[in-house]
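The values are calculated or read from the model by the stated rules, or taken from the named source; none is laboratory data. As the structure is a computational prediction, the values presented were derived from the model and not from experiment. Here Cβ is always computed from backbone atoms with ideal geometry, including for glycine, and neighbour counts include all displayed protein chains. Note: accessible area is taken over every heavy atom of the protein model, side chains too, but ligands, DNA and RNA are not part of it. Shrake-Rupley method; radii C 1.70, N 1.55, O 1.52, S 1.80 Å.
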Amino acid sequence: MTWIEDPAFTADEPFGPQTLPYGVLPTGIAVRVGDQALPLRPIADHFGRLADLVSASSLNPLLAAGRTAWSELRARLTELVTASSAPRGATLVPLDGAVLPFDVADYVDFYSSRNHAENVGRIFRPDGEPLLPNWTHIPIGYHGRAGTVVVSGTPIVRPHGQRRTSDGPVFGPTGRLDIEAEVGFVCGGPVASRLTPSQAVDHVFGVALVNDWSARDVQAWEYQPLGPFLGKSFATSVSAWVTPLEAFAVARVTPPPLGNDVLPYLVEERPWGLDIRLEVEWNGDLVSKPPFRAMSWTFAQQLAHLSANGATVRPGDLIASGTVSGPARDERGSFLELSWGGREPVRVAGEERTFLEDGDTVRITATAPGEHGSLVGLAEVVGTITPADV
Ligand code: CA
């Protein structure tokens, strides 16, 4: 029917016309159609007043343009890619070579999975209550390092750090390198603060997968009293393709109850839980299927909370959900949890693993339900561990 002849560009496939994620190739902005990309700069004159936005070298001008422009662009793109003949100037190219699609402004990482928070509490503080008393009242988060957010496919160099041994602190390559499978929200629209949850939605352009690489031995020694620092700031990987929030209309769900009321500034009229189903592959073996619908706090509540004190949300901000873990063992979104602090090794591609070894590859993918039984895809986030610098 459509001029795009790609078996992966049908409504039965995650990157069919219901998805249309944006990325950036060395030649500029492109939209993913199946397993190929459609560069937009050569067909910019088909977009009228949006021509400059689609001709840019990163998504940032589009992020800043706001919800009305995003909807208009998506509607026009849908017309163009589902037409029976190709728009003048259109060519399809391989997905290879995609770069980080936007300049990351601020990067904030939350902690919104009750199962993850309880598992980590039990592993790190076995003698205390697994969940701290603020957790059901505040979307807990910390400010990460925007400058070391890297695009999917970037090799991850095993980081050095300080960690505790029975003989005192030592410095060297981490021995407990881990992943955190997360969902990231890419912000846009006008610079704003003190957002309500319903206003926050107009400041989210799209969704991408995030792997928050974590050095657990470094983290365990440094995290009290001020939280994660060098144990996480060496690298955070993000998908090369950002799926527009509009594609997730059918995937909305109500999150599990917190067990107490929240303060009025965090109340959502209609909650923004999302039924996104993640899959984590370790060296090609599927080791976990974390369910995002089990997350207790939504991105709308997270944005309302982070801007509640007057802090601004601006285009290019990246808001990550926190590790996605469900109640079952094969739904845990980190290897810390899967191996229960390293005590219960996991069988991976015929070998026993607790944490990551040099040469290991982790690939995270996800889908969500779309209209008419279709699937909406989130592009993979993949990374391979390379040896520590000497
Ligand atoms: Ca994290």
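If the condition is being surrounded by 17 or more Cβ atoms within 10 Å (Cβ to Cβ) and assigned to a loop (DSSP other than H, G, I, E, B), then the range 102-111 contributes F102, V104, A105, D106, Y111.
Could you please tell me which pairs satisfy a Cβ distance under 9 Å, a separation of 6+ or placement on different chains, a first residue in the range 249-265 that is open to solvent by 30 Å² or more (accessible area, probe 1.4 Å), and a second residue that is among the hydroxyl-bearing types (S, T, Y) and at pLDDT 95 or above? Note: pairs meeting the criteria are V250/S374; P256/S296; P257/S296; G259/T136; N260/T136; V262/T136; Y265/T196. Working only within the range 209-246, note down all residues that are more than 13 Å from the ligand (Cβ to nearest atom) and hydroxyl-bearing (S, T, Y). Those that are more than 13 Å from the ligand (Cβ to nearest atom) and hydroxyl-bearing (S, T, Y): S239, T243. Exactly one of these conditions fails for G48: (1) at positive phi; (2) in contact (Cβ under 8 Å) with a residue 60 or more places away in the chain; (3) open to solvent by 40 Å² or more (accessible area, probe 1.4 Å). Give me its number. Only one criterion is unmet by G48, namely (2). Evaluate the following for A200: is it away from the ligand (no atom under 16 Å from the Cβ), in the same structural domain as A300 (by TED's automatic domain parsing) and open to solvent by less than 50 Å² (accessible area, probe 1.4 Å)? Against the criterion (away from the ligand (no atom under 16 Å from the Cβ), in the same structural domain as A300 (by TED's automatic domain parsing) and open to solvent by less than 50 Å² (accessible area, probe 1.4 Å)), A200 qualifies. If you go through the range 78-124 and pick out every residue that is away from the ligand (no atom under 16 Å from the Cβ) and under 30 Å from P255 (Cα atoms), you end up with 4. Counting only strands (runs of 3 or more DSSP E) that sit wholly inside the range 340-390, those with at least 1 residues that are of a type outside the set (V, I, T) and under 21 Å from A249 (Cα atoms) are 361-369, 375-386. At least 2 residues being within 18 Å of G342 (Cβ to Cβ) is the threshold, and among the strands (runs of 3 or more DSSP E) wholly inside the range 112-175 those reaching it are 160-165, 168-173. Within the range 323-339, track down each residue that is part of a loop (DSSP other than H, G, I, E, B) and buried (at least 20 other Cβ atoms within 10 Å of the Cβ). Result: T323, V324, S325, G326, R332, G333, S334, S339. Inclusion of G188 among residues that are touching a residue at least 12 places away in the same chain (Cβ under 8 Å) and either open to solvent by 10 Å² or more (accessible area, probe 1.4 Å) or away from the ligand (no atom under 16 Å from the Cβ) (or both) is warranted. The set of residues in the range 16-36 being part of a strand (DSSP E or B) and either open to solvent by less than 10 Å² (accessible area, probe 1.4 Å) or aliphatic (A, V, I, L, M) (or both) consists of Y22, G23, V24, L25, G28, I29, A30, V31, V33. Say we look at the range 75-91 and pick out the residues that are hydrophobic (A, V, I, L, M, F, W, C), open to solvent by less than 50 Å² (accessible area, probe 1.4 Å) and in a loop (DSSP other than H, G, I, E, B); which of these is nearest to A30 (Cα to Cα)? The selected residue is A90.
Can you find even one residue in the range 222-230 that is of a type in the set (F, W, Y) and modelled with pLDDT under 95? Break it down stepwise before answering.
Taking the range 222-230 first, the residues of a type in the set (F, W, Y) are 223, 229.
Still in the list and also modelled with pLDDT under 95: 223.
Yes: one or more hits.
Scanning the range 277-316 for residues that are more than 16 Å from the ligand (Cβ to nearest atom) and open to solvent by less than 10 Å² (accessible area, probe 1.4 Å) turns up W282, T298, A300, L303, A304, S307, V313, G316. Restricting to the range 176-185, and then to whatever is in a strand (DSSP E or B) and closer than 27 Å to L59 by Cα, can you tell me which residue is nearest to the ligand (Cβ to nearest atom)? Residue satisfying both the conditions and the ranking: E182.
In the same structural domain as T298 (by TED's automatic domain parsing), assigned to a strand (DSSP E or B) and closer than 22 Å to V150 by Cβ: is that true of F229 in this structure?
Details: in the same structural domain as T298 (by TED's automatic domain parsing): yes; assigned to a strand (DSSP E or B): no; closer than 22 Å to V150 by Cβ: yes.
Criteria not met by F229.
Being open to solvent by 30 Å² or more (accessible area, probe 1.4 Å), assigned to a loop (DSSP other than H, G, I, E, B) and free of Cβ contacts under 8 Å to residues at least 40 places away in the same chain is the requirement here; does D96 meet it? Considered against the rule, which asks whether it is open to solvent by 30 Å² or more (accessible area, probe 1.4 Å), assigned to a loop (DSSP other than H, G, I, E, B) and free of Cβ contacts under 8 Å to residues at least 40 places away in the same chain, D96 comes out as yes. For the criterion of being at pLDDT 95 or above, within 24 Å of S112 (Cα to Cα) and assigned to a helix (DSSP H, G or I), A304 passes.
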